[in-house]
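First the structure, in the form of structure tokens, and then the observations on it.
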Amino acid sequence: MIYLLEDGYVDFVVEKIRTKMEKLLEEKDKIFVILAGGKTPLPVYEKLAEQKLPWDRIHFFLSDERYVPLDSDQSNFRNINEVLFSRAKIPSSNVHYVDTSLPVEKACEKYERGIRSATDQFDLAILGMGPDGHVASIFDLETGNKDGLVTFTDPSGDPKVPRVTLTFRALNTSRYVFFLIRGKEKINRLAEILKEEPLPAYFVRGKEKTVWLVGK
Ligand SMILES: O=C(O)[C@H](O)[C@@H](O)[C@H](O)[C@H](O)COP(=O)(O)O
């Protein structure tokens, strides 16, 4: 499903996420949600934090993290914490992040252990896509197809730093996938994906539904 929005992007996307979370919470006591890093979702997260949701029943995981200190302004955790986790007063035990104070392999192992002990599937993945078609920090298919749920990359992307990322295997346990994309370049990538171009984002699908929320 694709929504192409002329304006009102943030409000529309927040509403979609809120209603989906409410629906999922009618079925289950706890839900497990993946959040993308990057800039596009930040105003969405900020507005989401103002919603009346049972935050103690929602568990969050990051799709990927830049391997930088957690207080760096390049840290996805820091940026999401600022606009969502701390504002909505989400219990810290519900926030699963990559411990970048550890050596990178250990950080992956710890993140993977945390996921496995919490759940074997995600209910909702809120993802972005790069202007080159990458998703999470999967810039090439080999990385995405690694065994296990979490892996790391050489310095890649913008900022060009090593990254820790969920694999296709982990992302594709998600029941619902919402892609949040804005701008011409990303719209061109989506057009390619619809023509089955094997870009990384092409390989991520929700088990029940994949929704593209596309803005100018
Ligand atoms: O850490 C990251 O960079 C991401 O999680 C990444 O996959 C992001 O979603 C895209 O690069 C889009 O980023 P923008 O929204 O900033 O364009």
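The values are calculated or read from the model by the stated rules, or taken from the named source; none is laboratory data. It should be emphasised that the depicted structure is a prediction, and the values quoted were computed from it without experimental measurement. Note that we place each Cβ from the backbone using ideal geometry, even for glycine, and neighbour counts take in every protein chain shown. SASA here: full protein model, heavy atoms, side chains in, ligands and nucleic acids out. Shrake-Rupley method; radii C 1.70, N 1.55, O 1.52, S 1.80 Å.
Take the Cα of residue 93, step 7 Å toward its Cβ, do the same at residue 39, and the gap between the two points is 3.8 nm.
Residues whose amide H lies under 5 Å from that of residue 178, counting only those 5 or more places away or on a different chain, are 125, 126, 127, 211; hydrogens are built 1.01 Å from N in the peptide plane. Given 206, 178, 49, which one lies farthest toward the positive end of the charge dipole of the chain, if we put +1 on the Cβ of every Lys and Arg and -1 on the Cβ of every Asp and Glu? Farthest towards the positive pole: 49. When only the Cβ of Lys, Arg, Asp and Glu is charged (+1, +1, -1, -1), the dipole of region 60-185 relative to its Cα centre reaches about 380 debye. Computed extension length for residue 86-residue 188: 33.2 nm, one decimal, from 0.36 nm per residue of separation with the Cα-Cα distance subtracted.
Backbone phi angles across region 143-151, fed through the Karplus curve with coefficients 6.51, -1.76 and 1.60 (θ = phi - 60°), yield HN-Hα couplings of 4, x, 8, 4, 5, x, 9, 9, 9 Hz in residue order; Gly and Pro are listed as x. Working note: Karplus 6.51/-1.76/1.60 with θ = phi - 60° gives region 210-216 the couplings 10, 10, 9, 9, 10, x, 6 Hz, where Gly and Pro are set to x. Roughly to the nearest percent, how much of the accessible area of the chain is carbon and sulfur, given a 1.4 Å probe? Accessible surface attributable to carbon and sulfur in the chain totals 48 percent. Taking the chain as a Gaussian network of alpha-carbon nodes connected by springs under 10 Å, the highest mean-square fluctuation of the residues 151, 119, 100 belongs to 119. Segment residue 160..residue 11, full-extension length gain: 50.5 nm, with 0.36 nm per residue of separation and the alpha-carbon distance subtracted. Here the spin labels are modelled as points 7 Å beyond Cα on the Cα-Cβ line, and at residue 140 and residue 119 they lie 3.1 nm apart.
If a/c stays under 1.5 just call it rounded; otherwise compare a/b with b/c (prolate if a/b is bigger, oblate if not). Do that for region 132-180, with a ≥ b ≥ c from the square roots of the Cα gyration tensor eigenvalues. Oblate.
Explain nothing, just the number: dipole magnitude of the chain about its Cα centre with +1 on each Lys and Arg Cβ and -1 on each Asp and Glu Cβ, in debye rounded to the nearest 20.
On the way: 32 positive and 33 negative charges, 78 e Å.
So the magnitude is around 380 debye.
Applying 1/(1 + (r/R0)^6) with R0 = 25 Å to the Cβ-Cβ distance of residue 51 and residue 207 gives a FRET efficiency near 0.50. With all protein chains in place and ligands, DNA and RNA left out, the 1.4 Å accessible area ranks 20, 39 as 39, 20, largest first. Using the Cα gyration tensor of the chain, with a ≥ b ≥ c the square roots of its eigenvalues, what is the shape: rounded (a/c below 1.5), prolate (a/b larger than b/c) or oblate (neither)? Since a/c stays below 1.5, the shape of the chain is classed as rounded. Heavy atoms of the protein chains alone define the surface here; on that basis the chain has 48 Å² accessible area per residue at 1.4 Å probe size. Close Lys pairs in region 1-133, defined as Cα atoms under 21 Å apart and 8 or more places apart or on different chains, number 18. Take the alpha carbon atoms of region 14-60, find their center, do the same for region 147-210, and report the distance between the two centers in whole angstrom. If we compute the Cα centre of each part, the gap is 19 Å. Each residue of region 124-131 is assigned a 3J(HN,Hα), and the resulting list reads 9, 10, 9, 10, x, 9, x, x Hz, derived from the Karplus form 6.51 cos²θ - 1.76 cosθ + 1.60 (θ = phi - 60°), x at Gly and Pro.
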